[in-house]
Structures are given as structure tokens and as C-alpha cells.
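Comments concern the structure below.
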Amino acid sequence: MRSTLMAVLACHFLAAFIVLGVPLYLPRLLSAFGIGEQSLWAGVLFSLPAVMTALSSAGWGRFADRYGRRLSLQRALVGLTLAFILAGIAPSLPWLIVALALQGLAGGTLAAANGYLSLHMRGDALAKALNWTQFSARLALLSAPPLMGGILMLLPHIGQRLWLGLAFLPLCGLLLSLRLPADVAISPNPHLREAVSGKNPLLLLLWTMQFLFNFAMVVTFPYFLPYAAHWLHQEVLIGVFYSWPHLIYLLLLPLWHRLNGRSMFLLPGLVLIALAALWHTQIAGPLTLLAARTLFGIGILLAYSGANQMLSDSIRQHNAGRQFGQIDAAGKWAGVAAGISSGWLVVHFSLLTPYLASATAALCGVAIFILSSLRGSGYVRITRSS
């Protein structure tokens, strides 16, 4: 089972590396098509893959449930390979738009990987596996930008051919996926089928919490550079502080998994995110900024652990692909909403307002979770009956 998990994580990392690494340098890559770095097209094309993934995630989830989770993971890797090849050879902007749309439409590697893992793991083991897929995403987010920046620095004329070279990574993931065990057969269960066909209030709660959590996290990202420049005067330091919460996740997760007991910490995680976001509006210097970023990273770790525990406790094998697809869509829509909101808030107010929006979203998640628990519905009811 450990070898299966490592193979799935490798497939996800290879996909996440290119998906999370390219957007930072998209304005520069668009110069090959005559588009300026501050053009509106840069923002539109930055958001296009996320929008397409959000629109298609639920459909690909149903595909996985019907035709196989391993096949769905391979489908995502093939889609990314073709999309990056198309972007690397695109002769015009319309071709590039099609390539980026295909990247989002055929993506969803995280949901596909999680759906496959749900066939082979249960309970706390699945929750830990979901935490590790987030680990691979954080690792890609930390490693891809500097490595791609180094490539662009050493090969300044590579241009859009960078996409062509990066297509090799999901292709390697596809070859690796061929060695994964076949899907485990699921015996028919009429009660589960009835649950799948009916309305699921827990799924709505999970979707809402995932949206608010991702919004609270992402809305602080786009304008961190001008925000932090008030105290940090070197771009390298700003990059370190920007990545610090993700590094906290990477460093603490292996230790976190050694602790006994359930990892039901979504609520305290959201509270810490809210406190950290409010702390960002009262920064006095680099040390307090580092402390606030550290608290933010701990909140992300706890919130992800809690969200993944909720998912692993509520997952139903017959529709796991659809459920993971819907949860993935929630995260993608939250990212799109966060990007638009942060831009509007900064233009109309100040660089501090995205942090107020982050705290508000996190506290709304806390309130919704508490109200759901008090009504005896949602996650609390499910866990008591399981």
C-alpha cells in the first residue's frame, strides 16, 4: 500500500509542478504573442485553467465513478501532456487560449488522485493520504517557481518552448501510473445507491467549508509582494516570507501524523487563519510578519487536516470520484473568487483589505460549522452514527 501511495503522490507532484509553476511566469511567456506583462490578457489567461477545471471537475468525477479511478488519473495526465505540447507549439494567441482551456478542462489531477486513493484506503489512513497529496502540492508550489525561474534565467530565449519541455513531466507521470494496481471492485450496495441518488447535506457543508477555507487562504496571495515590500526590501526575502506558510506545512506534517487521536482540527485551523490574517493588518516589522506567517501556516495545516478527515469519514466509494470532483471545484471557484476580490479590494481600498476578507471568510466558516453542529446535522451527525 505504501508503494501505491508513493506512486500516486509522484504522479500528482509531476502534474502539480507544471500547473503551479508556470502561472508566475505567464506574463513573460505571453510576450512571445505580443502581449504586455500588464495586459488584461495576462489576468484572463491566468484564471482560464482554474475556471475550466471548476466547470469540469464534477463531470470528470462521474467519469471516474463509472469508468475507473485509475483511468481518470491517467486521463488527467494525458490531458496535461497534450495541453502543454499544444501551448509549446501554438502559432498564435487563439491556439494558446485553446491550450490553456484544455489544461483546465482535462486537469483535475488532485481529485483524480484522491479518488483513486479512496479505493485502497479507509478512515484515518485515507485522511493521512489526502494530507500527503496536499504535501505534494505545497512541495510543487515551493520548488517549481525558483526552478522555472532558473531555467528562464539560463535560457532567456526559450520562450513558449518551456511549455513543450514541461510536457515531459506529466508524460512521465502517465508512464508511472501504468504500474498502479487496477481499481478495486466495489460490491453493489442498494443503500449506498440510494444515498448517492438523494441529496447529501454533508456534501453541501463540505463544499461550503472548502470554498471558505480556500478563499481565506488564496485571497492573501496576489498582492503579498507590494504588501511585504513595506518591511522587506529584497525580492528574495519577500519570496521566502510568501512561501513560509507552505514550508511550515511541509515541515510539520510528518510530525503531525505521528500524534495519536483524530485529526479533526478544521475549526481551530480556521480560527488560527482568521487570527493570523488580522495580525497581518497590525504588523510592526519583519519579526512580527514572520510570526504572523508562521501562525498562518499552522492554521493551514490544521484546516487541511480537519477538512481531509471530514472527507475521509464521509466518503462513499460508489460516488467518491464525483464527491472529490465537487470538492476540487469548490477550491477552484474559491481561487477565482479570491483573485477577483483581492484585485477589487486593493484598487478601491488598500493592501490590508485582502487580509480582512481572509479573516471574514474564515470566521464565516467557523460560524457555519458551529451552527451545523448545534442543529445536529452535517458532520457531527454522520460521525456519531458511524
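The values are calculated or read from the model by the stated rules, or taken from the named source; none is laboratory data. Just so you know, these numbers come straight off a predicted model, no measurement behind them. In this analysis, Cβ positions are derived from the backbone assuming ideal geometry, glycine residues included, and neighbour counts consider all displayed protein chains. To get the accessible areas, we keep the full protein, side chains included, count just its heavy atoms, and leave off ligands, DNA and RNA. Shrake-Rupley method; radii C 1.70, N 1.55, O 1.52, S 1.80 Å.
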> To the nearest 0.05, what FRET efficiency results for TYR25 and LEU252 with a Förster distance of 30 Å applied to their C-beta separation?
Replying inline: 0.55
> Once you charge only the Cβ atoms, +1 for Lys and Arg and -1 for Asp and Glu, what is the size of the charge dipole of the chain about its Cα centre, to the nearest 20 debye?
Replying inline: 940
> Amide H of LEU352: which non-local residues (sequence gap of 5 or more, or other chain) have their own amide H closer than 5 Å, using H built in the peptide plane?
Replying inline: none
> Using 7 Å Cα-to-Cβ label points, what is the ARG62/VAL44 separation (nm, one decimal)?
Replying inline: 3.0
> So who's got an amide H within less than 5 Å of the one on ASP183, skipping anything under 5 residues away but keeping other chains? H placed 1.01 Å off N, in plane.
Replying inline: ARG70
> Tell me, what is the per residue accessible area of the stretch 1-94 in Å², probe radius 1.4 Å?
Replying inline: 46
>> From Cα pairs below 8 angstrom and at least 6 apart in sequence, can you work out the relative contact order of the chain, rounded to a whole percent?
In response: 27
>> How big is the dipole moment of the stretch 38-178 about its Cα centre under a simple scheme where the beta carbon of each Lys and Arg is +1, that of each Asp and Glu is -1, and everything else is neutral? Debye, nearest 20, please.
In response: 300
> Ignoring any ligand, DNA or RNA, what whole percent of the accessible area of the chain comes from carbon and sulfur when the probe is 1.4 angstrom?
Replying inline: 69
>> Give me, ordered by chain and number, the residues 5 or more places off VAL219 or on other chains with an amide H under 5 Å from its own placed amide H.
In response: none
> Just by accessible area at a 1.4 angstrom probe, what is the order of ILE35, ILE85 from largest to smallest?
Replying inline: ILE85, ILE35
> When only Cα pairs under 8 Å and 6 or more residues apart are kept, what is the percent relative contact order across the stretch 1-131?
Replying inline: 30
> How much accessible surface area, in Å² rounded to 10, belongs to the heavy atoms of ARG161 with a 1.4 Å probe?
Replying inline: 140
> Can you give the helix-only mean residue ellipticity at 222 nm for the chain, where every DSSP H stretch with n ≥ 4 adds -39500 (n - 2.57) and the sum goes over all residues, rounded to the nearest 500 deg cm²/dmol?
Replying inline: -26000 deg cm²/dmol
>> Taking only complete DSSP H runs, can you tell me which helices of the chain stretch 30 Å or more along their own long axis by Cα positions and average at least 0.5 on the Kyte-Doolittle scale?
In response: 40-67, 69-89, 123-154, 235-256, 286-314, 353-374
> Between ILE340 and ALA229, how many nm apart are label points set 7 Å from Cα along the C-beta direction?
Replying inline: 2.7
> Taking the simple approach of a point 7 Å from Cα along Cα-to-Cβ for both TRP95 and HIS157, what is their distance in nm?
Replying inline: 2.0
